[in-house]
Ligand code: GAL
């Protein structure tokens, strides 16, 4: 038995070790691209100039990039870092950008040394994203810039680097003249990498894998590799490529294919490209249900010596679009998608993998199969994780082209940068099987401009012809009438599906594949319910899921539209998660007027509402659109989507809660979301009768005349005549105790891994008290520390870093991590006056 085990693990080990042209790879592959890569995330020094968090200004001294600058007094930190998320929230700042002081100038400096053994190599720095107008210096010399804060970019450090001595990398970020219509964050908010290569190496994002002629068992792999020669003489490079299976831990499995070696004659300071083709047998397709991946490992050799090694993860899958829908591997897949902005709630824009994994888990559990990266290039890890988890991605480039929606929008960059930005996005992401649509824009001002649309589509197509290109229209009629949308493979419609019947009847448009790039925009606050006609009160919005701005609609209405037009490719709900900024309808900002560019009466109505808001100064700082709140707690709507998107999952969900002291004898409407087709409601044992859903018409069951008496509401749902699912809500006792649960039992002692601890206020019998809004205190001792707290309340001005946090409708969140390099245990304690406190232990490894 033991021998078998040893042999088994040895085999696994050997598989994990094989790489490239047969030499060994010992670790899971960390990152696509060049293999010789070092993280530059740790040990930066940071200082803020220009606009400060409190609104004052500190003059920016000249020469902050010089080597001799004394930065010993600057803040010590690691990136990803968002310097605005510490706030404070300020009423004088725009709700649209989260009332957070994101405008300012950041200086970051880091000292690093490269080994003498690396003498003669080339050195690049890869920034996954810097907000915004990044300028970079090495050892006092200017290296380069990349203004668009959402894109990834590489700069060449080779001319300035000193080998075997300390190097000073200085980065200036500037968000003083940068705006998004949401919270953008500020600073070096994604990962940074030092990349080392020989003088002859694969170009940045220089490999492209395309799978062609797919059969049930085989696929022709078409692989191109671009190689650069930085020598002052011609070079003969040999490119060797092997393809391996890639497991979910990013370890290489068995080699499944070896391309013939390719020889490239490269002129001095020139480049070349090899093009290879070979059939992959026994091919395992990438699909949303089985996200199989492969890895192409390339080595470049000159005179028999390896000068570069490059990883290209990919998946083999077939996609197509037609009037009949979106097809993945020949099967129609309805897009059940959400739009998400890039912020991670209490963590701000600073990228974190644990937070992203949590978001994806919550979305997939709901039945979501696709994400639109509204409205900008996402962190590279979004695509990597989507590849692993089987999520389809609409990869979006811009929210503005040459005309801005804000004063300091992308319009300032468009002319000089749009080609570079769009190319960077496509080249970075073209090997991801998860990316199934490119989007060149969202509600851009020039959506009727045929030439611009064609021009941007052409840029994409010149690089990648395998994916459909779309654009999100809030004026689909204008886009269609002008002919601009004809340049697209897929017509992207934001909110206007009620006109679909007319478009379908029109010869010109009826065969155009169409998708809801944005839908619904339903508004709600978790756990808040208003009766009667009241939908909004005290800057909160009812969770009966009936409210939406003028351009939006309830999820139910959208489902009915989708049902009526089954040829639509599907929808991207605005939004999966609440996000920082844009607290419509309480944002006292007129950006949304842009939605009604063509409808003067709606504009006038909205202008009036906004004038009123301007006067009353709403305190809201984050959105109400999310199906899930900012802290990651599902709102009721989550179960409405789940009931519709996962019809085979037996589930039922009752709303509202049943703690209505003082409303005895009054009517409290009860709504039920279920994947069943009918259901019976009982209140304290008394039946309120069965209700049946009419297919395509009803998506919730409503009992409008339930009279409140404390006790228990129970629903029994049926499907095809058989009992299917149940749910029950009970009137609880008073808040007595705190209950804690963490999303993981252990974390690694490094910054990247976080644990999310849910704090629930319960009564004496352990039932969640759904109305409990009570002050709490979080303490983390031992090997861990507190990163942030939240509760999902869009009007809370408590800083996210605060250990003091109110529960909001029974829940709060504490985000914790292990201390850097520590191993042992951390204790998370949460206490509150009059409550039995609770503690929980998490292992730090
Ligand atoms: C859309 C816009 C989104 C968001 C949304 C709110 O028109 O594209 O970015 O603003 O409205 O409903």
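Bear in mind that the values in this text are calculations on the coordinates, not laboratory data. Everything numeric here is computed off the predicted structure, so don't read it as measured data. For neighbour counting, all protein chains shown are included, and Cβ atoms are generated from backbone atoms with ideal geometry for every residue, glycine included.
Quick notes on this one:
- For the chain, the alpha carbon positions stretch 90, 73, 65 Å along the principal axes, listed from largest to smallest.
- Rounded Å value of the spacing that divides the Cα centres of segment 532-565 and segment 268-343: 39 Å
- Helix 555-564 and the longest principal axis of the Cα set of the chain meet at an angle near 70°.
- Axis of helix 2-17 versus longest Cα principal axis of the chain: the two differ by about 70°, to the nearest ten degrees.
- 357, 179 arranged by Cβ crowding within 10 Å, fewest neighbours leading: 357, 179
- Separation of segment 569-585 from segment 195-232 is 37 Å, based on Cα centroids.
- Of all DSSP beta bridges in segment 333-585, antiparallel share, percent nearest 5: 10 percent
- Where a label projected 7 Å from the Cα of residue 269 along Cα→Cβ would reach, residues of segment 88-122 with amide N under 18 Å: 122
- Relative contact order (percent, whole number), segment 371-505, Cα cutoff 8 Å, 6+ residue spacing: 22 percent
- Angle between the chain longest axis and helix 600-616 axis [Cα atoms, degrees, rounded to 10]: 80 degrees
- Working from Cα pairs under 8 Å separated by at least six residues, relative contact order for segment 38-197 is 32 percent.
- Dividing the summed -39500 (n - 2.57) terms of all DSSP H runs of n ≥ 4 by the residue count of the chain sets its mean residue ellipticity at 222 nm at -4500 deg cm²/dmol.
- Cα shape, segment 114-230, gyration tensor, a/c 1.5 rule: oblate
- Of all DSSP beta bridges confined to the chain, the antiparallel ones make up roughly 85%.
- Fraction of antiparallel bridges per DSSP, segment 737-844 only, in percent to nearest 5: 90 percent
- Compactness index (Cα Rg / 2.2 N^0.38 Å), segment 333-585: 1.00
- Whole-Å distance, taken between Cα centres, linking segment 452-492 and segment 742-818: 44 Å
- Length-normalised contact order for the chain - Cα pairs under 8 Å, 6+ apart - percent: 9 percent
- Residues 382, 528, sorted so that the one with the fewest Cβ neighbours within 10 Å comes first: 528, 382
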